[in-house]
Amino acid sequence: MSIADNLARIRTALPPTVTLIAVSKTRPASIVTEALAAGQLDFGENYAQELRDKAELLGPGPRWHFIGSLQRNKVKYVVGRATLIHDVDSIELAEEIGKRSGNTPTAILVGVNMGEAQKSGVPAAGALAFARAVLGVPGVSLRGLMTIPPATEDPSGAAPFFEELAALAAAGRADGLPLHELSMGMSHDWSIAVAHGATLVRLGTAIFGARPLVSER
Ligand SMILES: *Cc1c(COP(=O)(O)O)cnc(C)c1O
């Protein structure tokens with residue numbers, strides 16, 4: 001199956017309300033070009049310098065999402081290039097993003113930690129209070145929540161976590177928080193995430209095939 005075939009097959013199964021993010025981390029810029037040619041616009045990166053390098057190389061066209069856990073000293077590589085930063089989990093990080101954003105606020109999601117799978121993220125119990133605090137940070141624009149559920153034997157095991165994230169966002173909205181985006185679902189569990197209200201799914205393997213093994217950065 002080609003990248004174009006994979007994209008076409010996945011798009012057919014996605015409601016129009018869901019944005020497909022092609023996760024291009026650790027892969028060469030040429031695959032981004034190939035996906036762009038097949039009409040794919042949104043791309044996900046986990047490493048700040050890699051996002052910067054690909055963005056500089058490819059210029060206008062792709063919309064970049066930073067989906068990894070972001071260190072404060074690397075915010076400068078991402079702000080101004082990423083259309084959305086997915087995993088904001090500390091006020092200090094939100095403040096650094098805001099400070100670097102100048103007059104153009106950067107759209108962010110709050111990363112919610114639902115278990116040991118996610119090294120980053122705020123605990124679900126504190127997520128709405130944290131989101132409220134983020135609202136007060138100048139230079140960032142809060143859009144929603146993101147999670148990576150703990151690994152389960154069967155992808156359907158992720159369902160309760162997706163449900164919980166959707167319920168959190170709904171509770172936040174009822175309380176006036178602008179939590180309209182739900183970034184949840186990866187190659188193995190995206191259809192379950194979509195069934196539970198995902199608005200952004202992050203797919204690497206399902207589009208590009210198995211990732212080359214790389215050491216932790
Ligand atoms: C790598 C990664 C993905 C994509 O994973 P696949 O299993 O290849 O679809 C999605 N989200 C995050 C946060 C990732 O780090």
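A few remarks follow.
- Listed by position, the helices (runs of 4 or more DSSP H) enclosed by the stretch 1-80 that each have at least 1 residues that are among the β-branched types (Val, Ile, Thr) and closer than 25 Å to residue 141 by Cα are 75-78.
- Residue in the stretch 82-104 that is farthest from the ligand (Cβ to nearest atom), counting only those that are surrounded by fewer than 17 Cβ atoms within 10 Å (Cβ to Cβ) and part of a loop (DSSP other than H, G, I, E, B): 103
- In the stretch 122-160, residue surrounded by the most Cβ atoms within 10 Å (Cβ to Cβ) [restricted to those that are among the small types (Gly, Ala, Ser) and within 15 Å of residue 186 (Cβ to Cβ)]: 158
- Note on the stretch 34-45: among residues that are within 19 Å of the chain's Cα centre (by Cα) and surrounded by fewer than 21 Cβ atoms within 10 Å (Cβ to Cβ), the one that is nearest to the ligand (Cβ to nearest atom) is 42.
- Filter pass, residue 48 being of a type in the set (A, V, I, L, M) and either modelled with pLDDT under 95 or away from the ligand (no atom under 16 Å from the Cβ) (or both): no
- Strands (runs of 3 or more DSSP E) lying entirely in the stretch 105-217 (those with 1 or more residues that are under 13 Å from the mean Cα position of the chain (by Cα), at pLDDT 95 or above and more than 21 Å from residue 13 (Cβ to Cβ)): 106-113, 140-147
- Scanning the stretch 71-79 for any residue that is of a type outside the set (D, E, K, R), surrounded by 14 or more Cβ atoms within 10 Å (Cβ to Cβ) and within 16 Å of the ligand (Cβ to nearest atom) turns up at least one such residue.
- Among the residues making up the stretch 8-23, those that are within 13 Å of the ligand (Cβ to nearest atom) and either under 15 Å from residue 78 (Cβ atoms) or out of contact with any helix residue (DSSP H, G or I) (no Cβ under 7 Å at 6 or more places or on another chain) (or both) are 21, 23.
- Residues of the stretch 172-217 satisfying the condition of being more than 24 Å from residue 133 (Cα to Cα) and away from the ligand (no atom under 14 Å from the Cβ): 195, 196, 197, 215
The values are calculated or read from the model by the stated rules, or taken from the named source; none is laboratory data. What you see is a predicted model, and the numbers here were worked out from it, not measured in a lab. A quick note on method: Cβ atoms are made from the backbone with ideal geometry, for glycine too, and the neighbour counts reach across all protein chains shown.
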